[in-house]
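See below for the structure under consideration.
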Amino acid sequence: MIPYSRDPFARITYVKERVFVSNEETCAWCGQRKQDKKGTYLFRYGEEPDSISGKVNWQKELFCCVDCMRTYNS
């Protein structure tokens, strides 16, 4: 789990985690995927509220980048 953004007014930390996927799975928005020496992966994004430390509300969809996640959810 990697924190990538913080909204102090909403008291939420936005986090992401790398999920290794099969070659058939693609980004929920654009259809791409990331790849490195370890394999093919996408990111799962979530919100961790300050009031419940350690409790992350993960999204079901997987994305290749934060821009695709934001566009998909807007």
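Of note:
- Residues of the stretch 3-29 satisfying the condition of being closer than 19 Å to Asn73 by Cβ and of a type in the set (A, V, I, L, M): Ala10, Ile12, Val15, Val19, Ala28
- Test: Gly31 is in contact with an Asp or Glu (Cβ under 8 Å, 6 or more places away or on another chain), loosely packed, with under 10 Cβ neighbours inside 10 Å and of a type outside the set (Lys, Arg): no
- Screening the chain for strands (runs of 3 or more DSSP E) wholly inside it with 1 or more residues that are of a type in the set (Val, Ile, Thr) returns the ranges 2-7, 12-20, 39-49.
- Residue within the stretch 55-74 that is of a type outside the set (A, V, I, L, M), exposed (fewer than 12 other Cβ atoms within 10 Å of the Cβ) and on the phi > 0 side of the Ramachandran plot present: no
- Unmet criterion (only one of (1) within 15 Å of the chain's Cα centre (by Cα); (2) touching a residue at least 24 places away in the same chain (Cβ under 8 Å)) for Lys60: (2)
Every number in this text was worked out from the coordinates using simple rules, so none of it is lab data. The structure presented is a predicted model; accordingly, all values stated were derived computationally and were not measured. Reconstructed Cβ throughout: ideal geometry from the backbone, glycine too, with neighbour counts over all protein chains shown.
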